[in-house]
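Worksheet: one structure, shown below.
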Amino acid sequence: WSRTPESNLTAPGLPPQDEEDAGGVFLDLSELPVEESERRPTCSRCCRPEKVCLCPFLPVDPLEVSTCLYIVQHPAEESRVLRTVPLLAACLPKGKCNVLVGRRFNEERHPELAAVCRDKHTLILYPGSDAENLEDLGRDFTTSPHNVIIIDGTWSQAKDMFLRNALFRLPKQVQLNSAPSSQYVIRTQPTNMCLSTLECAAVTLSIMERNQAIQEVLLKPLRALCSFQLQHGAQVHHSKEHLLKNGLYDKPMPKNKRKIKRMQKLITNQNI
Ligand SMILES: [Zn+2]
């Protein structure tokens, strides 16, 4: 590891220096009685509570792609409030977005994943000195369908999963070169690792399918999700302020104003 992870604004997730901040914001959001306590009907397509269903922001028909994604998801991601992998899956045809939850994967218990890892048409998205830029591979992904493995977790979870699963060292390791658009999104996105996974998938697919429109379609529900979370965040900020003013609040105020501004920027920017 001659290059530090910080030098990569690529998949999966954010540089570590933002991670604690991100965790802070995330915890602030997760404290809210927004989704956790709302045991209300859930939309079967986007897996969101029906009240905040994001289906209007999803494509009517699944995107036609030849690339097959394998999202290996750290168990902690599954229970996160902001889950974006279901959105990704909802945008893609059945079978093109496979999610496997776990920390350790091996031949015995995961023969299908093992076979995918051995396939020469499989790439794993994980930045580092051994990774080649996906943009520079010079392969025609449209004539020979490829698989891409993406690790879904915080930076440290992803690192642990990559280093400790020998299977993940089998496929060619690739990273996303800082395309101006993705860089902007990653810098301004509201710092949840799941969001980053969705972004990475969006950029990856648009490169491999040679179709920039894919990125736009996949980022649409992400923007909507940010918008919802921003509304919730704003409400909570207000209510905490209210509690504070009334001497009822005993926790420190969240320090997420900067993050909220970033989210606002993301939502209002239409040129990503
Ligand atoms: Zn829905």
Positive minus negative residues near residue 140 (Lys, Arg vs Asp, Glu; Cβ under 12 Å): +1
Quick query: amide H of residue 152 versus all other amide H atoms, modeled in the peptide plane; which residues come in under 5 Å with a sequence gap of 5 or more or a different chain? 72, 73, 74
Using 7 Å Cα-to-Cβ label points, what is the residue 213/residue 101 separation (nm, one decimal)? 3.5
A chain fully extended from residue 160 to residue 55 at 0.36 nm per residue, minus the present Cα-Cα distance, gains in nm 34.4 nm
Please get the size of the charge dipole for region 97-138, origin at its Cα centre, with Cβ charges of +1 on Lys and Arg and -1 on Asp and Glu, quoted in debye to the nearest 20. 280
For residue 133 and residue 76 in the same chain, what is the full-extension length gain: residue separation times 0.36 nm, less their Cα-Cα distance, in nm? 17.7 nm
So, counting K/R as plus one and D/E as minus one, what does the shell of residues with Cβ under 13 Å around residue 221 add up to? +3
Net charge near residue 165, counting Lys/Arg +1 and Asp/Glu -1 over other residues with Cβ under 10 Å of its Cβ? +3
Listed here are the pairs 159/220; 172/220; 96/220; which of them are more than 26 Å apart at the Cα? 159/220; 172/220
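Just so you know, all these numbers are worked out from the coordinates, no wet-lab data involved. This is a predicted model, so every value here is computed, not measured. Virtual Cβ from ideal backbone geometry, glycine too; neighbours counted across all protein chains shown.
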